[in-house]
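Notes follow once the structure below has been shown.
The values are calculated or read from the model by the stated rules, or taken from the named source; none is laboratory data. Here the structure is a predicted model, which is why all the values come from computation and not from measurement. Cβ sites come from the backbone with ideal geometry, for glycine too, and all protein chains shown count toward neighbours. Keep in mind that these areas ignore ligands, DNA and RNA; they rest on the heavy atoms of the full protein, side chains included. Shrake-Rupley method; radii C 1.70, N 1.55, O 1.52, S 1.80 Å.
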Amino acid sequence: MKKLFFFALCLLSMTACDNKKSEDNANTEKTDSLTRIIAQKDNEINDMLSTLNEIQEGFRQISAAENRVTLAKDGETTNRASQIRNDMNFIAQTMKHNRELIAKLQKQVREGSIAAEQLKTTIENLTSELEERNKEIAVLRDELAQKDVRITELDQTVTTLNEDVAQLRTATEEQSNTINNQDRQIHTAWYVFGTKKELTQNRVLEKGRVLQSNFNRNYFTKIDIRVDKEIRLYSKSAKILTSHPASSYTLQRDASKQYVLRITNPEVFWSTSKYLVVQVK
């Protein structure tokens, strides 16, 4: 009997060890996965910041070159035309490079895992600055022409930049609309509350199961989960049928003893399902 008891203890111990190893392995896999995701986002952010810094440095150099051209066009030095030509061509090339970098940022936001509203605004601001700089260069070129300082190589470059900036502006607007639509979809959810009979009639509830068939989606109310965090159920009896983490909401009675659902953590609450079904009486 003692040997049997000892064998049972060993077996239980081995099982516990195996379970612990399985849990440890699962936790390790989750940690590794999170580490990879964080590393990916860090790389994307660092790359974007590097691109932003390069664009800002480009604009700084453009400003410095514009100042040199402004001073030189009113001067009388012997190498005035050559200096102006060099600076204006430098400005044109730097503008072209900045345009390419902004297009790169657009692609990173579109294809990467980071799609923040602030990034979209930053790209719009950079595009506006590029457009404004292009107008300044056109004015400066006209002023130079009046002083018989003609830079033939610059004409085609400025014309091309005008076309590129227009295309970039269109692309930015299209991307902005796409991001806004995606943002709305991500933060959209649907809820419904009704009696057992009403839920069954709309095929939301069938044979004790929820949302298992082609239920009536028009029966649901669409909400923005960032804004709508309180749902009044107008009933003294309420039961949540869909699965939502208990820590993410409270279900309490108001002064009339009717239930009110308050979502305290929307991100967690809607993580398991974008549909909420509540049965009332």
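Per residue, region 216-263 exposes an accessible area of 63 Å² to a 1.4 Å probe, with every protein chain left in place. Taking a threshold of 23 Å on the Cα-Cα distance, which of the pairs Lys236/Lys274; Lys107/Lys222; Lys107/Lys229; Lys120/Lys229; Lys197/Lys236; Lys222/Lys257 fall above it? Result: Lys236/Lys274; Lys107/Lys222; Lys107/Lys229; Lys120/Lys229; Lys222/Lys257 exceed 23 Å. Which residues in region 214-237 have a backbone N closer than 13 Å to a point placed 7 Å from the Cα of Glu198 along the Cα-to-Cβ line? Under cut-off, by backbone N: 219-221, 232-237. Label-to-label distance, Gln212 versus Ala64, with points set 7 angstrom from Cα along the beta-carbon direction: 7.2 nm.
Between Val260 and Glu230, the contour length at 0.36 nm per residue exceeds the Cα-Cα span by 10.1 nm. Legend: calculated FRET efficiency, Glu267 to Asp142, from the Cβ-Cβ distance at R0 = 41 Å, rounded to 0.05, equals 0.15. In this structure, Ala246 and Asp47 have a Cβ-Cβ separation that, at R0 = 41 Å, corresponds to a calculated FRET efficiency of about 0.55. Among the protein heavy atoms of region 240-281, carbon and sulfur supply 46% of the accessible surface, probe 1.4 Å, non-protein parts ignored.
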